[in-house]
Amino acid sequence: MEGNVFPEEFPDAVLFSCTLNSVRSPMAEGLMKHLYGTRAYVDSAGAREGVLDGFVIAVMAEMGIDMSGHNPKSFEDLTDNYFDVIIALSPEAQHHAVELTRTLACEVEFWNTFDPTIVEGSREERLDAYRMVRDYLKKKLIQRFGEPE
């Protein structure tokens with residue numbers, strides 16, 4: 001879906017998923033909560049459980065978002081599986097989301113998102129890759145859910 005969602009179509013519950021719930025999906029979760037507050041229940045999970053990446057904490061802190069308390073989890077760790085939309089950020093996550101939603105009335109969207117962990121180089125070069133992903137996700141969120149109030 002392109003463009004802004006009308007307020008009455010704003011989802012009640014959104015799940016972001018990526019491969020390890022350590023970089024992309026926590027960023028998306030943190031950004032969604034930062035931009036839209038409590039308008040929707042927001043969570044994130046990975047196809048597999050990983051360890052939160054320190055670069056995520058650093059680049060999100062630049063926007064005033066504290067991610068230090070994020071605990072990565074997998075789809076199996078979710079306590080609730082009622083979501084209006086699952087936004088998968090990696091192919092592996094998309095596969096898991098489709099499997100999860102076979103028996104649920106839930107929309108699955110795929111935002112193929114670059115994995116910044118593959119970037120090598122100096123600390124600053126690596127941070128720039130994480131910033132690029134953060135900024136891309138923020139732009140996608142505003143395109144999908146509208147300007148924050």
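Listing for the model above:
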| quantity | calculated |
| --- | --- |
| Stokes-Einstein diffusion coefficient of the chain, Kirkwood radius over Cα pairs, 4 °C, 1.567 mPa s, in µm²/s | 85 |
| Residue order, fewest to most beta carbons within 10 Å, for Phe83, Phe75 | Phe75, Phe83 |
| Over 20 Å between alpha carbons, listed pairs Lys73/Lys138; Lys33/Lys73; Lys33/Lys138 | Lys73/Lys138 |
| Other-chain or far-sequence residues with amide H under 5 Å of Tyr41's (modelled H) | Ala13, Val14 |
| Glu124 versus Asp66: modelled label distance in nm, points set 7 Å from Cα along the beta carbon direction | 2.9 |
| Two-site FRET efficiency, Asp80 against Glu109, from Cβ-Cβ distance with R₀ of 22 Å, rounded to 0.05 | 0.70 |
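Computed from the coordinates by the stated procedures, all read-outs in this text should not be read as laboratory data. Keep in mind that what you see is a predicted model, and the values were worked out from it rather than measured. Every residue, glycine among them, receives a Cβ derived from its backbone with ideal geometry; neighbour counts consider all protein chains shown.
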